[in-house]
Amino acid sequence: MDVIILSPLENVIIEKLAEIVGEQFISTDDADLVSYSSDFMIDVFLKPDVVILPENTPQIAAIVKLANENSIAITPRGAGTATHGGSIAQGGILLDLTRMNKIKELDPISMIATVEPGVVYEDLNRITGKSGLWFPIEPPSGAVCTAGGMVGNNASGLMALKYGTTKDYVLALEVVLADGSIIKTGKSVLKSSSGYDLVHLFVGSEGTLGIITEITLRLIPKPMHLSTAFASFPSLNGLNDAMNAIYEIRRVLTPAGIELIDLQTQKAINEVEKEKLVPEVEILVIFEIHEFSAAGLEDQKDLIEGVARKHNCNEIHWAKDDEERDRMWKARKAATVVSVRSRTSTLLGDLIVPIKHVPAIIRFIQEVAREKDLLISIVGHAADGNIHYLIPFNQNESKKAFDAGDAIVYKTIELGGSITAEHGVGLEKIKYMELEHGESLSLMRAIKKILDPKGIMNPGKIFPAEKQ
Amino acid sequence: MSEVSFKNLIKVKESLDTCFKCSLCKGNCPVSEQIFWATFSPRGKMLILRSLLRGQGTLTDRVRDSLYTCTLCGNCDNTCIAGISVTDVLAAGRRDLYEARKAPESVNSLISTIKESGNVFDLTKEDMDILGLNPRMKFSENADLLFFKGCYATYHSIPNESTMRSFNLLKTLNVDFTILEAEECCGSPAYLLGDMDTTKRFCEYNVSKIEETGASRVVTACPGCYRVLKQVYPQLVGTLNFEVIHITELLAEYIDEDRLVFKKTGNDKLDVLYHDPCELGRHCGVYDAPRKILESIPEIHLEEFDKNRDEAKCCGGGGGLTISNPNLANQIAQLRLQEAEEKNIPTVVTACPACQLNFSASKDKYNMKVKILDINQLVGSVKGL
Ligand SMILES: Cc1cc2nc3c(=O)[nH]c(=O)nc-3n(C[C@H](O)[C@H](O)[C@H](O)COP(=O)(O)OP(=O)(O)OC[C@H]3O[C@@H](n4cnc5c(N)ncnc54)[C@H](O)[C@@H]3O)c2cc1C
Ligand code: SF4
Ligand code: SF4
């Protein structure tokens, strides 16, 4: 790959950028740069040179064209809830897309919505919900994260088991490419075998191939009957019991979600929330089921309960009402962060393995924790093999924390898994890309080179930036 | 930067260090709904303060704008999954800026007004007479119950009407109560804007005056006064010799004792939405008393906002926003009132003079039809006082 030299921003360019978006929507003030200097969890703080809030696609095209002509880095950002530094920028332009938050079209007959990238996930569902429709990803960050960021990361969430991930809903995109040209790819149709699938090349590209300015999404009917249960697996062999129950259940039905929380995380949730939100047992499993009829829901409950009990679940408690359901999910959503309050930094893992290897990878993580004398919390979307582990550490423990993270990733690859299931590569996981992708990483690089020859699009993410 | 000591921020360093930067606190932030810049979101504010405390940031005017563009509504505290009190951090940041004379001019000017006149509206007792805002009734001298009037609730004609109605109601119920002849501002605005010295000055003055009356209970209709008297005064002068309650708690008590009974009048039912004031609800936990009152009025049909109780959206009038950015305060109110219009509910009832004023200003500005009532106004009119 050619050498990329990204230039610092000169005042004259800032003036031209201001002409494009208006003085009110551009800033080089330190307070603004700091506000965009980090994202979720990662202990890295990088300041862009300038932050811009564009209003529409033509403005973005003009900004990108100017950036390309002057070899200036440009990093798109939605809500900045990415977990691995994907949405932060060392210098260059940071493009905050939250101002572009319109739902351009909602077609309840075709069950399709076309939105701008800054639309917030829950806002979109509030509107589509009025027509009984749903974009069913449900990331725990849904109250703030944006459609553009979800596409950028190929986000998924608590219901991926039944409903899949963002990529399963993206039908078409409008993208501003690195030279400032605007392309539309895909159609508002449910199927197409017409040529290469460029739409899905951009999904999960973390802003490295272009700025997504319009997204057409497939929607599905929202089920009317929902229920959530806490299932306790108390024995020391709780992990095996829980996973055996999950394997058996999965062969006969697909619950919306199945989440697993280890004992350490359960304790942390109760401690921080100052109330006993979750039972404290070896392994706690959350079952979420969705149905279109009350009778269907009851059938699912009976089946799950029967199988769980067969595998030594001593208590399964179904939420009595929506309020209790909300409390249960509040506990699960809190799990990601409460377990790391005691330390200054955290390494957050997002691995995925074939589901038959879930017990093996969890056991491996527990072994690493013991060996390195670290507290590692485990929460996961157990039934699709996606496990999050959190390694909180103080500065004097950073080497062993990162060594532990490396060991877990190597094991994941050995088991045939992937280093990131939903959070993206960002800055933190670049070092494992070669290991996971081998030769095909060169092909990815070649694609990047075609679309972004000067390497201005979110440089330093996914691939290491190549320097002189 | 060295001109600011950050002595208050240091006290909340742990919260700043604990923040995971998830930004979930933005989800219900009324300011972030109106301003797209991350700088004005709760996480943005936390990042700015953290960088200043670590010596990595520059104290520009934008920092001041960010900190004072906030209603201190506490929705961020309520949403934070790490259990951080963001508003404690923001209050500490404001104190450091204020003490270093880096607060916005509008803030300094309001605090000077309060210090000089003892109230937020800069009115003298004579002005109040001319405006007809002083209560026209006799109060007993040694009553056990003292009504702390509050300047927001009495020095402006709109909330004044509600407060006078609650005086009348108490009289009708034969409640023996008194007031302070020379009451001064409770200090809440100074507290919210970052001036702890002035807050303390008002606290010491009012506590000594209340104690002189020998009252064992102090009731107030203003949630700002209520919170400061109940939560802040004890921090400043130690345990108080009197109990502090909100008027809605007192009326709910009377309902429980069958002392206050609303009779059926045969009038049509009025649909109302109850808006939880942040200072009364999220900050002091009073959610049930106002609802009990509304539910016990036969002509009232109580509905809820989508976001209610501890999740209730702010009216926009808190945290001094009406001073630092009145337009934004009105826009926030408009969004809240729009829900009433969309739900086709003609009346929004609140229990706070600041909410009532900001809602009323917004309603006028945006030509909205919805009617704004304070709960005391409503109760007073139901009883036909
Ligand atoms: C508490 C918590 C829990 C989470 N749980 C989950 C989870 O279960 N599953 C999950 O998938 N994620 C999870 N996340 C991560 C994150 O919230 C999601 O990936 C989310 O979709 C990111 O959206 P965002 O708007 O914040 O994007 P950002 O963080 O702003 O951006 C994400 C990436 O997309 C790029 N990007 C943003 N907008 C555009 C655009 N318009 N064009 C091109 N590229 C763009 C950015 O450059 C960046 O690389 C969680 C986050 C938090 C805080
Ligand atoms: S206190 Fe309210 S307005 Fe201020 S940052 Fe928190 S949520 Fe936003
Ligand atoms: S919700 Fe809490 S942890 Fe997350 S950014 Fe806000 S203050 Fe920080």
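The values are calculated or read from the model by the stated rules, or taken from the named source; none is laboratory data. None of the values given here were measured: they were computed from a predicted structure. All Cβ positions, even for glycine, are placed from backbone atoms using ideal geometry, and neighbour counts span all protein chains on display. Areas reflect the complete protein model, heavy atoms only, side chains present, ligands, DNA and RNA absent. Shrake-Rupley method; radii C 1.70, N 1.55, O 1.52, S 1.80 Å.
Restricted to segment B:323-342, and to residues there that are within 13 Å of ligand 2 (Cβ to nearest atom) and under 18 Å from B:LEU67 (Cα atoms), the residue that is surrounded by the fewest Cβ atoms within 10 Å (Cβ to Cβ) is B:LEU328. One residue stands out among those in segment B:67-110 that are in contact with an Asp or Glu (Cβ under 6 Å, 6 or more places away or on another chain) and closer than 13 Å to B:SER41 by Cα: the one that is nearest to ligand 1 (Cβ to nearest atom), which is B:VAL86. Note on segment B:155-175: among residues that are touching a Pro at 6+ places or on another chain (Cβ under 8 Å) and among the hydroxyl-bearing types (Ser, Thr, Tyr), the one that is farthest from B:PRO135 (Cα to Cα) is B:SER162. Summed over segment A:125-166, the residues that are within 14 Å of chain B (Cβ to nearest Cβ), farther than 21 Å from A:ARG332 by Cα and hydrophobic (A, V, I, L, M, F, W, C) give a count of 1.
Considering only segment A:265-282, I want to know if a residue exists there that is modelled with pLDDT of 95 or more and either open to solvent by less than 30 Å² (accessible area, probe 1.4 Å) or of a type in the set (Gly, Ala, Ser) (or both). Checking segment A:265-282: at least one residue is modelled with pLDDT of 95 or more and either open to solvent by less than 30 Å² (accessible area, probe 1.4 Å) or of a type in the set (Gly, Ala, Ser) (or both).
Condition first: in a helix (DSSP H, G or I), among the small types (Gly, Ala, Ser) and more than 11 Å from ligand 2 (Cβ to nearest atom). Can you find one or more residues in segment B:17-29 that meet it?
Within segment B:17-29, none of the residues are in a helix (DSSP H, G or I), among the small types (Gly, Ala, Ser) and more than 11 Å from ligand 2 (Cβ to nearest atom).
Restricting the first residue to segment B:318-334 and requiring it to be over 16 Å from B:GLU33 (Cα atoms), which pairs with a second residue that is of a type in the set (Gly, Ala, Ser) and crowded, with 19+ Cβ neighbours inside 10 Å meet a Cβ separation below 6 Å and a spacing of at least six or different chains? Between residues of segment B:318-334 that are over 16 Å from B:GLU33 (Cα atoms) and residues that are of a type in the set (Gly, Ala, Ser) and crowded, with 19+ Cβ neighbours inside 10 Å, the close pairs are B:THR322/B:ALA329. Scanning segment A:390-442 for residues that are farther than 27 Å from A:LYS356 by Cβ, outside the structural domain of A:ASP262 (by TED's automatic domain parsing), out of contact with any Ser or Thr (no Cβ under 9 Å at 6 or more places or on another chain) and open to solvent by 30 Å² or more (accessible area, probe 1.4 Å) yields A:LEU427, A:LYS431, A:SER442. Of all residues in segment A:90-124, those satisfying the criterion of being within 14 Å of another protein chain (Cβ to nearest Cβ), among the aliphatic types (A, V, I, L, M) and under 15 Å from A:PRO76 (Cβ atoms) are A:LEU94, A:LEU95, A:LEU97, A:MET100, A:VAL119. A residue that is in contact (Cβ under 8 Å) with a residue 60 or more places away in the chain and away from ligand 1 (no atom under 16 Å from the Cβ) cannot be found anywhere in segment B:38-45.
So which of A:ILE361, A:ILE387, A:ILE365 is in contact (Cβ under 8 Å) with a residue 12 or more places away in the chain, part of a strand (DSSP E or B), of a type in the set (A, V, I, L, M, F, W, C) and more than 14 Å from chain B (Cβ to nearest Cβ)? Within the list A:ILE361, A:ILE387, A:ILE365, the selection yields A:ILE387. For segment B:231-248, residues that are out of contact with any Phe, Trp or Tyr (no Cβ under 8 Å at 6 or more places or on another chain), surrounded by fewer than 20 Cβ atoms within 10 Å (Cβ to Cβ) and part of a helix (DSSP H, G or I) total 5. Filtering segment B:356-385 to residues that are open to solvent by less than 10 Å² (accessible area, probe 1.4 Å) and part of a loop (DSSP other than H, G, I, E, B) leaves only B:VAL370. In segment B:49-91, of all residues being open to solvent by 20 Å² or more (accessible area, probe 1.4 Å) and on the phi > 0 side of the Ramachandran plot, the one that is nearest to ligand 3 (Cβ to nearest atom) corresponds to B:GLY83. Residues of segment B:104-143 that are open to solvent by less than 10 Å² (accessible area, probe 1.4 Å) and of a type in the set (Gly, Ala, Ser): B:GLY118, B:ALA143.
For B:LYS313, indicate whether it is within 20 Å of B:ASN78 (Cα to Cα) and surrounded by fewer than 23 Cβ atoms within 10 Å (Cβ to Cβ). Here the answer is no, as B:LYS313 does not meet what is asked. Would you mind stating whether A:LEU236 is more than 16 Å from A:VAL358 (Cα to Cα), hydrophobic (A, V, I, L, M, F, W, C) and open to solvent by 20 Å² or more (accessible area, probe 1.4 Å)? Taking the combined requirement at face value, the residue satisfies it. If you go through segment A:47-95 and keep only what is in a loop (DSSP other than H, G, I, E, B), near ligand 1 (Cβ under 9 Å from one of its atoms) and open to solvent by 20 Å² or more (accessible area, probe 1.4 Å), you end up with just A:THR81.
If I ask for residues that are within 12 Å of chain A (Cβ to nearest Cβ) and charged (D, E, K, R), which ones from segment B:58-100 would you list? Answer for segment B:58-100, where residues must be within 12 Å of chain A (Cβ to nearest Cβ) and charged (D, E, K, R): B:ASP61, B:ARG62, B:ARG64, B:ASP65.
Remark: pairs (first residue in segment B:8-23, within 7 Å of chain A (Cβ to nearest Cβ); second residue open to solvent by 30 Å² or more (accessible area, probe 1.4 Å) and outside any helix (DSSP H, G or I); Cβ separation under 8 Å; 6+ apart in sequence or on different chains) = B:ASP17/A:THR344; B:THR18/A:ARG341. Of everything listed in (1) among the hydrophobic types (A, V, I, L, M, F, W, C); (2) open to solvent by less than 20 Å² (accessible area, probe 1.4 Å); (3) without any contact (Cβ under 8 Å) to a residue 60 or more places away in the chain, the single unmet condition for A:LEU303 is (2). Residues that are closer than 15 Å to B:CYS284 by Cβ and of a type in the set (Ser, Thr, Tyr) were ranked within segment B:73-90; the one that is farthest from ligand 2 (Cβ to nearest atom) is B:SER85. Inclusion of A:VAL176 among residues that are in contact with a strand residue (DSSP E or B) (Cβ under 9 Å, 6 or more places away or on another chain) and within 16 Å of ligand 3 (Cβ to nearest atom) is not warranted. Among the residues of segment B:319-335, those identified as more than 16 Å from the chain's Cα centre (by Cα) and farther than 22 Å from B:ALA190 by Cα are B:GLN331, B:GLN334, B:LEU335.
Selection over segment B:361-382 of residues that are out of contact with any helix residue (DSSP H, G or I) (no Cβ under 8 Å at 6 or more places or on another chain) and of a type in the set (D, E, K, R) gives a count of 2.
For segment A:65-95, enumerate the residues that are of a type in the set (Gly, Ala, Ser) and either farther than 23 Å from A:SER181 by Cα or within 16 Å of ligand 3 (Cβ to nearest atom) (or both).
A:GLY78, A:ALA79, A:GLY80, A:ALA82, A:GLY85, A:GLY86, A:SER87, A:GLY91
Residues that are at the interface with another protein chain (Cβ under 10 Å from one of its Cβ atoms), open to solvent by 40 Å² or more (accessible area, probe 1.4 Å), of a type outside the set (Asp, Glu) and under 19 Å from A:THR81 (Cβ atoms) within segment A:11-46 comprise just one, A:PHE45. Of the numbered conditions (1) touching a strand residue (DSSP E or B) at 6+ places or on another chain (Cβ under 9 Å); (2) closer than 24 Å to B:LYS7 by Cα; (3) of a type in the set (A, V, I, L, M, F, W, C), B:ALA103 satisfies every one except a single condition; which is it? So the condition that B:ALA103 fails would be (1).
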